[in-house]
Every structure is written in C-alpha cells, then in structure tokens.
C-alpha cells in the first residue's frame with residue numbers, strides 16, 4: 001500500500017524540463033532517499049509535492065487525496081512537512097517559539113479568546129508549550145529552549161528545523177539536504193536522529209542528500225534522478241552497483 005503516489009509528474013521552466021514523467025510510490029513508515037547529480041530535479045520534485053510549484057502534468061496523492069491545486073499551507077494541513085536547503089528559522093525568536101509557530105495549524109483559539117485570555121485559551125497555550133518542549137527534547141535541544149535561534153550552532157539550527165516540522169504533526173517529513181554543511185560528528189547525530197524520529201513518530205521520511213554514507217546507512221529505498229527523469233530505484237546495494245547510476249555520477253567511462 002502506498003502513502004504517497006506520484007504518476008507522470010512533469011514540470012517545465014521555459015525550454016527546460018526539470019521533472020520529466022516521474023513515477024514514485026512511497027510506502028508508509030519508510031525512509032526513502034532521492035539522489036542524483038546537481039540539477040537532476042530533486043528539489044523541484046519536493047517543491048511540486050509541497051505546493052510551491054504547480055506541475056504541468058501528472059498527479060500527486062497522499063493516502064488517496066489529491067494534492068494538486070492546493071496551497072502549501074493546505075498540503076501541510078493534510079500531513080506533509082518539510083525542511084529546506086537553506087535554514088529558514090525565525091532568528092529573533094527562541095527555539096521554543098520557533099516550534100510554537102509550527103503548531104499554528106492545530107491550535108483552535110480565536111481572536112476573542114486570545115484577547116480576553118479565556119481559560120480554554122490558557123490551557124491550550126500551556127499544552128502547546130509542553131509539547132514544544134518535548135519536541136526540543138526529541139532533537140536534544142531542551143537546554144536551548146530559551147536561546148534565540150540565531151545563537152544556536154549550525155547543526156543545532158538544522159535539528160530545530162526538524163523539530164518545527166514535527167510540530168505540524170506530519171504523516172510524511174521531507175528533508176532537503178539536512179546534512180549540508182555539517183561536520184562528521186553532526187552528521188552522525190543527524191543520522192541517528194532521522195532513524196529515531198521515524199520510529200518514535202511512525203513517520204514516513206523522504207530526504208534529498210548528497211552525503212552518500214548517510215544515504216546508504218539509513219535508506220530502505222533510494223530513487224535516482226538524472227536530468228529530471230527517474231533512472232533507477234532500489235535498495236542501497238542495488239543502487240551502489242547500478243550502471244546507470246554510476247554513469248550519471250561519474251560518466252560513461254566509469255561503467256566500463
């Protein structure tokens with residue numbers, strides 16, 4: 001059974017076809033990596049799924065519900081969260097406040113209740129703060145809850161972004177190059193964290209990543225794109241020895 005189903009997905013920018021007739025089926029609670037050379041269409045694919053771009057052709061469905069013609073916030077409400085290549089935290093907010101921002105879709109308080117500080121509103125705020133703190137504990141940042149996000153280290157900011165995405169209560173978490181710029185220690189911690197949150201939250205995780213050591217260690221399936229097309233898919237061992245994948249990364253001479 002597929003949680004995310006993509007068929008014939010195509011996106012063109014002028015004369016460039018960034019994503020070309022891509023079919024993907026993602027199983028629930030799996031970890032899938034999407035890899036490929038620079039310019040292969042990986043981030044464009046993420047942007048199509050999350051509503052930032054509209055596809056020219058094809059279909060995208062989450063648990064049988066079409067995601068086409070929906071705004072990013074609507075798609076997030078259906079259960080898709082993501083991080084970005086470039087960190088997009090609110091730098092003048094604390095770590096805890098950044099996570100509370102990610103909860104807004106699930107809070108029910110209206111303007112009247114907020115202005116008059118009704119008991120129901122205060123209780124909801126208390127519960128939200130408690131849950132936000134628990135998410136900080138998950139990503140090992142509980143001791144930084146009152147720290148401005150701009151003062152966190154690079155690796156800590158990356159983990160905070162993941163915690164904020166988890167605050168939206170997703171079914172699928174998309175991670176766009178989560179290990180970019182990390183040192184080996186931070187990458188090892190991230191590798192462990194991704195596996196942990198999949199297990200603890202029963203999440204489906206899809207990541208774009210150039211760190212092949214990380215990809216090969218945690219991925220149950222790897223999908224390879226090149227020039228916007230899916231050229232291979234399989235488990236890490238199958239991808240490691242696939243001639244088309246080797247050619248895409250290293251050139252034709254590498255295959256022979």
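The values are calculated or read from the model by the stated rules, or taken from the named source; none is laboratory data. Since the structure is predicted, the reported quantities are computational estimates derived from the model, not experimental observations. Using ideal geometry, Cβ is built from the backbone for each residue, glycine included, and neighbour counts are taken over all protein chains shown.
Of note:
- For the range 63-92, filtering for residues that are over 20 Å from residue 178 (Cβ atoms) and touching a helix residue (DSSP H, G or I) at 6+ places or on another chain (Cβ under 6 Å) leaves 2.
- Selected residue (only one of 121, 101 is in contact with a helix residue (DSSP H, G or I) (Cβ under 6 Å, 6 or more places away or on another chain), part of a helix (DSSP H, G or I) and modelled with pLDDT under 90): 121
- Test: residue in the range 18-29 that is in the same structural domain as residue 227 (by TED's automatic domain parsing), on the phi > 0 side of the Ramachandran plot, touching a strand residue (DSSP E or B) at 6+ places or on another chain (Cβ under 9 Å) and assigned to a strand (DSSP E or B): yes
- Some residue of the range 35-44 being without any contact (Cβ under 8 Å) to a residue 40 or more places away in the chain and in a strand (DSSP E or B): no
- Meets criteria (touching a strand residue (DSSP E or B) at 6+ places or on another chain (Cβ under 8 Å) and either outside the structural domain of residue 99 (by TED's automatic domain parsing) or farther than 28 Å from residue 4 by Cβ (or both)) for residue 178: yes
- Scanning the range 179-202 for residues that are surrounded by fewer than 22 Cβ atoms within 10 Å (Cβ to Cβ) and part of a loop (DSSP other than H, G, I, E, B) turns up 180, 181, 182, 183, 202.
- Members of the range 30-63 that are farther than 15 Å from residue 223 by Cα and buried (at least 16 other Cβ atoms within 10 Å of the Cβ): 47, 48, 49, 50, 51, 53, 55, 58, 60, 62
- Count of residues meeting criterion [in contact with a helix residue (DSSP H, G or I) (Cβ under 7 Å, 6 or more places away or on another chain) and farther than 15 Å from residue 171 by Cβ] in the range 25-50: 5
- Only a single item in (1) at pLDDT below 75; (2) assigned to a helix (DSSP H, G or I) is not met by residue 157, and it is number (1).
- Top-ranked residue of the range 141-157 - restricted to ones that are crowded, with 16+ Cβ neighbours inside 10 Å and touching a helix residue (DSSP H, G or I) at 6+ places or on another chain (Cβ under 7 Å), ranked as nearest to residue 76 (Cα to Cα): 157
- Positions within the range 11-24 being surrounded by 14 or more Cβ atoms within 10 Å (Cβ to Cβ) and either in contact with a helix residue (DSSP H, G or I) (Cβ under 9 Å, 6 or more places away or on another chain) or within 15 Å of residue 63 (Cβ to Cβ) (or both), in sequence order: 11, 18, 19, 22, 24
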